[in-house]
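Some notes on the structure that comes next.
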Amino acid sequence: MSVAGQTRPRARDLGIAPGTFEPGPLNAITDVEPVRVGHSTIVEGDDVRTGVTAILPHGG
């Protein structure tokens, strides 16, 4: 169990490197060509808060 205010180390900080590629400059999925990421959020009144994220692995 973690104590409030403490943060857990990231896997790479512990020497664990998931996957076969090195991280990109932003360490983000958008570093990978030709991956595209889009997001849309809908806010209506006080009751509606919803959104969607789309990850497109290639242009075709």
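The values are calculated or read from the model by the stated rules, or taken from the named source; none is laboratory data. What you see is a predicted model, and the numbers here were worked out from it, not measured in a lab. Neighbour counts are summed over all protein chains in view; Cβ atoms, including those assigned to glycine, are modelled from backbone coordinates with ideal geometry.
Couple of notes before you dig in:
Table: residues versus (1) at pLDDT 90 or above; (2) part of a loop (DSSP other than H, G, I, E, B).
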| residue | (1), (2) |
| --- | --- |
| GLN6 | no, yes |
| PRO25 | yes, yes |
| SER40 | yes, no |
| VAL43 | yes, no |
| GLY60 | no, yes |
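- Verdict on THR20 being among the hydroxyl-bearing types (Ser, Thr, Tyr), assigned to a loop (DSSP other than H, G, I, E, B) and loosely packed, with under 10 Cβ neighbours inside 10 Å: yes
- Exactly one residue out of ARG49, ARG10 is surrounded by 10 or more Cβ atoms within 10 Å (Cβ to Cβ) and out of contact with any Ser or Thr (no Cβ under 6 Å at 6 or more places or on another chain), and it is ARG49.
- Of all residues in the range 28-49, exactly one satisfies the criterion of being of a type in the set (S, T, N, Q) and in contact (Cβ under 8 Å) with a residue 12 or more places away in the chain, namely SER40.
- Total residues in the range 10-39, condition β-branched (Val, Ile, Thr), more than 13 Å from the chain's Cα centre (by Cα) and within 18 Å of PRO57 (Cα to Cα): 1
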